[in-house]
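Here the structure is laid out as structure tokens; the discussion comes afterwards.
The values are calculated or read from the model by the stated rules, or taken from the named source; none is laboratory data. Please read all numbers here as calculations on a predicted model, not as lab measurements. Note: ideal-geometry Cβ built from the backbone for every residue, glycine included; neighbour counts use all protein chains shown.
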Amino acid sequence: MKKIPLIKNQKYLIINADDYGLHEDINRGIISSVENGLVNSISISACGKALNNGISEIKNLKNIDLGVHITFVEELPSSPIGDIKSILGFNDRLLPNYKILFQKYLLGKINIEELYIEGKNQIERIINYGIKPTHIDSHQHIHMFPSIWKILVRLAEEYSISFIRCSKFDNLYGNRKTMEILMAKTLNMFAKINSINGSGDATKIDTIGLAYAGKVNEHNLIKILSKVPFGISELVVHPGYNTNSLKEFYDWNFDWSNEVKALQSKNIKNFISSNSIKLINFTQTKDIINLF
């Protein structure tokens, strides 16, 4: 496992937009947040129904890293359904959400190798678009389950993907309910286990601001940025546009449009500059690590 060096005098931040490809209105929000805002890295869902139409746009972006957002729930799979029966729900789609997957996982009803097959096929699909992924993470942070973490580490090694997200909550509360706080504590426990297990040849990058996922408006973004630690961190954002179509497909109670506004805010850009936060992407992170 490659470790982030101890950096005592600089705050480096990757701002990564998740879910590209899931919906046209998410795609539009992410593109706008790259071209006019602070997003410098994108995670792509290979299962997304809006990926084919959106692939040319992200391939034309400059100085932006593209990674794989492994998706084990909600969407249509990338694999033949006969190869991944234990992770399918209704209508040959993947299981509805992380809670159901976790329940089946605890009951021993998930074939771990089928998750590997689906993850592999998703990476292959992204590569077949002519993209060399710089990083890997997952939808709803499912890769943080220790057995599934090992699958993503294995895939990262096979495809020479340099970075893997370590999702954890630096603030357990944010805007969350009691059950969500319990899940946050569970995720943090998984993060500790995965740190012990290691990340193979990939470098793990810790998240910040996860308590505000889907709610990164300007007010909350200032809160997050005021607590950026020294070293290298990743802020996960979800820009998009609050259309009826998007809300119909994804009832997550996300405020996509206000994330777009926050990521393009002059106040936010000034705050970053005045607090000596340096924005980088994963490729630049590799260069920084090599300096130490």
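Count of the range 50-71 residues, restricted to those that are in a loop (DSSP other than H, G, I, E, B), within 17 Å of Ile123 (Cα to Cα) and modelled with pLDDT under 95, is 0. Screening the range 72-120 for residues that are more than 19 Å from Leu152 (Cβ to Cβ) and aliphatic (A, V, I, L, M) and picking the one that is modelled with the lowest pLDDT gives Leu106.
Can you find, within the range 97-133, the residue that is nearest to His69 (Cα to Cα) among those that are touching a Lys or Arg at 6+ places or on another chain (Cβ under 8 Å) and part of a helix (DSSP H, G or I)? Out of the qualifying residues, it is Tyr116.
Residues checked against (1) of a type in the set (Lys, Arg); (2) within 19 Å of Arg165 (Cα to Cα); (3) surrounded by fewer than 18 Cβ atoms within 10 Å (Cβ to Cβ); (4) more than 19 Å from the chain's Cα centre (by Cα):
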position: Asp251; (1), (2), (3), (4): no, no, yes, no
position: Trp256; (1), (2), (3), (4): no, no, no, no
position: Glu259; (1), (2), (3), (4): no, no, no, no
position: Ala262; (1), (2), (3), (4): no, no, no, no
position: Lys269; (1), (2), (3), (4): yes, no, yes, yes
position: Ile272; (1), (2), (3), (4): no, no, no, yes
position: Thr283; (1), (2), (3), (4): no, yes, yes, no
position: Lys286; (1), (2), (3), (4): yes, yes, yes, no
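Checking Gly119, Gly108 one by one, the residue that is loosely packed, with under 14 Cβ neighbours inside 10 Å and of a type in the set (Gly, Ala, Ser) is Gly108 and no other.
If I ask for residues that are part of a loop (DSSP other than H, G, I, E, B), surrounded by fewer than 22 Cβ atoms within 10 Å (Cβ to Cβ) and of a type in the set (S, T, N, Q), which ones from the range 194-248 would you list? Result: Asn217, Ser226, Asn242, Thr243. Collect the residues in the range 222-249 that are among the small types (Gly, Ala, Ser) and over 27 Å from Ile164 (Cα atoms), keeping them in residue-number order. Listed by number, the list holds a single entry, Ser245.
Can you pull out every residue in the range 89-101 that is of a type in the set (A, V, I, L, M, F, W, C) and crowded, with 17+ Cβ neighbours inside 10 Å?
Leu94, Leu95, Leu101
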